[in-house]
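First comes the structure, then the notes that go with it.
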Amino acid sequence: MKIKITEQDDKKLAFTLEDADVTFANAMRRIMMVEVPTLAVEFVDFHENNSAMYDEVVAHRLGLIPLVFDPKMYNFTEECVCEGKGCSQCQVYLVADKKGPCVVYSGDLKSTDENVKPADPGFPIVELLEGQNLKLDAIAQLGKGEAHIKWQAAIAAYKYSKNNDTKFGFIVESVSGLEPAYIVQKAAEIIETKAEQFREQLKEVK
Ligand SMILES: [Zn+2]
C-alpha cells in the first residue's frame, strides 16, 4: 500500500491510497471517524447557574466543544491506573466562573492541564444578563465517536479512482482537537492492533 498526501492544513488532509481494497479503505474511514479517541466533557458540576439556560443544555454545549490535548497523556478512565475512579491521567477539569452581563465563551474555560484547551476559544456557551452567574467544574475524559458523537474525531470520506479500483482518494477533516495526520496514523495503529488480536485468537482456535 502506498499513501500520497495531496493537500494538507491544520484541519484537513487529502491523500490517495494505492494498492488497497475497498474493505481496508472502508475500515480506515470508519475507524478515523468513530474509533480514534478524543477528549470531551462528560460530567459537569454546577455551583451556580441562574442563566436562561438549564444546566442540561449548558452541559450539552460544553460536551460539543472540541478540545486540544496530548493523546499520550491520557488513558481511558475505565482502563486507567485509578481503576475508573478518575485521576489526572484520565480526566481534566475545565472551570468556568463568570458574572453577567457577558457572553461565556469556550475560551473562558480554565483547564487544570495547560496542554488541554478548546480548539476554538470563540465558541459561545451561554449569555449572562446583569445579575446572572455561571460557576461550574466540567470534567473531560477520553471517549470514542461510536459511544457519542461528541467524541467523533473526524469526518472522513473516500472515492474510487476512475479505471483503478485499488486506488482511493481520501479526505479527512478533523472535527476534534486532533490533527488530521494524527487521526490517520492512529486509525492505522488501531487496525494493526485489531489484526494482531485476531492473529492471537486464531492461535487459540488451532
Ligand atoms: Zn485515572
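The values are calculated or read from the model by the stated rules, or taken from the named source; none is laboratory data. No experiment lies behind these values; they were computed from the predicted model shown. Here the Cβ is made from the backbone with ideal geometry for all residues, glycine too, and neighbour counts use every protein chain on show.
Quick look at the values:
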{"quantity": "Failed item, numbered, when T23 is tested on (1) modelled with pLDDT under 95; (2) crowded, with 19+ Cβ neighbours inside 10 Å", "calculated": "(2)"}
{"quantity": "Residue list for the range 63-79, filter: surrounded by 13 or more Cβ atoms within 10 Å (Cβ to Cβ) and either more than 9 Å from the ligand (Cβ to nearest atom) or assigned to a loop (DSSP other than H, G, I, E, B) (or both)", "calculated": "G63, L64, I65, P66, L67, V68, F69, P71, M73, Y74, N75, F76"}
{"quantity": "Selection count where residues are in a loop (DSSP other than H, G, I, E, B) and either crowded, with 19+ Cβ neighbours inside 10 Å or within 16 Å of the ligand (Cβ to nearest atom) (or both), scope the range 80-110", "calculated": "12"}
{"quantity": "Selection from the range 1-57 of residues that are in a loop (DSSP other than H, G, I, E, B) and free of Cβ contacts under 8 Å to residues at least 12 places away in the same chain", "calculated": "D9, Y54"}
{"quantity": "Extreme residue, surrounded by the most Cβ atoms within 10 Å (Cβ to Cβ), among residues of the range 34-56 that are of a type in the set (D, E) and in contact with a helix residue (DSSP H, G or I) (Cβ under 9 Å, 6 or more places away or on another chain)", "calculated": "E42"}
{"quantity": "Any hit, the range 124-142, residues being assigned to a loop (DSSP other than H, G, I, E, B) and either under 28 Å from E35 (Cα atoms) or among the hydroxyl-bearing types (S, T, Y) (or both)", "calculated": "no"}
{"quantity": "Test result for I190, more than 23 Å from A27 (Cβ to Cβ), aliphatic (A, V, I, L, M) and either outside any strand (DSSP E or B) or modelled with pLDDT of 95 or more (or both)", "calculated": "no"}
{"quantity": "Among (1) touching a helix residue (DSSP H, G or I) at 6+ places or on another chain (Cβ under 7 Å); (2) more than 16 Å from the ligand (Cβ to nearest atom), the one test that H60 misses", "calculated": "(1)"}
{"quantity": "Residues (over 14 Å from the mean Cα position of the chain (by Cα) and over 17 Å from N26 (Cα atoms)) located in the range 168-180", "calculated": "none"}
